[in-house]
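Report on the structure given below.
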Amino acid sequence: MKYQSVKGMEDILPQDSRIWQELERIARIELESNGYREIRTPILEETSVFTRSIGETTDIVSKEMYTFEDRKGRSLTLRPEGTAPIVRAYVEHSLNQLDPQLRLYYIGPMFRAERPQKGRSRQFYQIGAEIIGSREPQMDAEIVLRLKNLLEYFGLGGFSIKLNSLGCKEDKAKFKERLSLYLKDKKTGLCDDCKVRAEKNVLRALDCKNETCIQILRDAPNIIDSLCADCKDHFDKVKELMGVFNIGFVEAKNLVRGLDYYTGTVFEINHSDLGSQDAIGAGGRYDTLVKEFGGPDVGAVGFAIGMERVIIALGEKKEQLNKSKLVCIIPLGNNAKIAGMKLAADLRRKLNGLPTERSYALNIITRLNLDDASLNSQMRSANKNNAELVIILGEDELKNNSVSIKDMKKKDEQLLVKMDRVVDEIGKRLGLPC
Ligand code: HAM
């Protein structure tokens, strides 16, 4: 019997896992250094956490959730996204007391039973951030800036930012009425999905990709024209701040997003190398959700990036994140093995900055060979594994309390180094700051 992973859910194999670790590492440094703190919520939530926030009529809730009853008959759902669980946790643990403007981030798997295709899986990973506790337009701009910076630090270019505003709850309700009225006598021309949307979730008809729907909606009322004075003012300020932060964007009047909790600013980042699933990240404001979940009446804004899509968009560049540097120690004889174990422990701790020392290079691997293979065969193996440096611990070296270091990228170069200088010498040769 041969098993395969569940359809739409993929293994991340050891030959690729470093790319994922590197994206996560960059995200943690960028977000932590900007005052965001990590939150880890369970993968399962009570189903109503999602139905109440994302909305009963959205695609996610109506078609894509993994929902089941547990042994006690409670309805549970594998989280399809991170925002609703975070708001649940924020209210449950009164996190407003931690900081009135709380910055949070999360990294982890989400689950949606969509039809799998390039850039769309049933288990996928998001890196997300939320600022809870403020309605200030500065926070909208801060969140988009963080998202843009992250993509750039990942090494990604060629993405574009779409921006729109849905207005407050009242604006949204009024606009839905206007749009329904506009579509009233045009429904027969719409695609099957939009016929249903026109009844249940009319806003989504606006971003339908079907050509006839696009034609029909070309003259539809504009959501921006339906904003109240406060929401218009807020959106104008957000756009102004985007200029201040030097964030290029296009206004996209049909951008409505697939989750009901949004109010006000919404945005999406697209990348042309992704094909039909071209959103690499997205987000927006959700100013009523915290209160609806029984918390204080505070505004919030956030984003999530799809990690699989970032990796697809990186293309060949992703290999730069996948690199590590290998140092091999070759001890010759039993005494050398013991000295080698000590040296390996020292190198691993110091070169990788653990627990306290110098650089922050997590990508240096020190391998100590403890079998009795000959120097030649160990050198061949180091070469095959693309080692940068080899440390040879032979009898003569040990007598002199030294090692021989061979730089594998520079032919014929081998030098004798005193034991207490080895870590510094290796660090220097690997380009670490000493
Ligand atoms: P979302 O637009 O549903 O927003 O998802 C965010 C990103 O997750 C998408 O832009 C995409 O890159 C990725 N993604 C979504 N579905 C899939 C899939 N099936 N396969 C691969 N990648 C996928 C949210 O989830 C909101 N919680 C974002 C947010 C945070 N809004 C406010 N705060």
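Taken together, the values in this text are just the output of simple stated rules run on the coordinates, not laboratory data. Computed from a prediction, not measured in an experiment: that's the story for all the values here. Neighbour counts are summed over all protein chains in view; Cβ atoms, including those assigned to glycine, are modelled from backbone coordinates with ideal geometry.
Of note:
- Of the Cα atoms belonging to the chain, the radius of gyration and Dmax stand at 27.3, 94 Å.
- Taken about its Cα centre, the chain carries a charge dipole of about 800 debye when Lys and Arg each add +1 at the Cβ and Asp and Glu each add -1 at the Cβ.
- Between K187 and K253, the simple spin-label model (points 7 angstrom out along Cα→Cβ) gives 2.5 nm.
- Loop GluC sites (Glu not before Pro), region 369-434 (other Cβ atoms within 10 Å of the site Cβ: 14 or fewer; DSSP): E413
- Listed residue (G128, L147, I107) projecting farthest to the positive dipole end of the chain, Cβ model: I107
- FRET efficiency estimate (nearest 0.05) - Cβ-Cβ, K323 to L416, R0 30 angstrom: 0.55
- Within region 279-333: Cβ-based charge dipole about Cα centre, in debye rounded to nearest 20 (Lys, Arg +1; Asp, Glu -1): 320 debye
- Taken along the Cα-to-beta-carbon direction at a fixed 7 Å, the label points for E240 and N335 span 7.8 nm.
- Across region 97-200, the volume of the C-alpha convex hull divided among the residues equals 196 Å³ per residue.
- Net length gained if the chain between E46 and D273 were fully extended (0.36 nm per residue, minus Cα distance): 78.1 nm
- Take the Cβ atoms of D297 and Q15, set R0 to 60 Å, and the FRET efficiency comes out at 0.75.
- Projected onto its three principal axes, the C-alpha set of region 324-429 covers 34, 28, 24 Å, listed from the longest axis down.
- Computed about the Cα centre, the dipole magnitude for region 324-429 is approximately 340 debye when only Lys and Arg (+1) and Asp and Glu (-1) carry charge, each at its Cβ.
- Whole-Hz ³J(HN,Hα) from phi, Karplus 6.51 cos²θ - 1.76 cosθ + 1.60, for region 408-419, glycine and proline x: 6, 8, 10, 4, 6, 8, 9, 9, 8, 10, 5, 3
- Ordering F267, I216, H234 by Cα displacement along the dipole of region 194-345 toward the positive end leaves F267 in first place; charges were set at the Cβ atoms of Lys, Arg (+1) and Asp, Glu (-1).
- Legend: Rg and Dmax of region 55-101, from Cα coordinates, 14.0, 39 Å.
- Here r is the Cβ-Cβ distance between K2 and D371 and R0 is 30 Å; the resulting FRET efficiency, rounded to 0.05, is 0.35.
- Footprinting exposure proxy ranking of K187, K384, fewest other C-beta atoms within 10 angstrom first, gives K384, K187.
- With the convex hull drawn around the C-alpha atoms of region 1-155, the volume per residue stands at 157 Å³.
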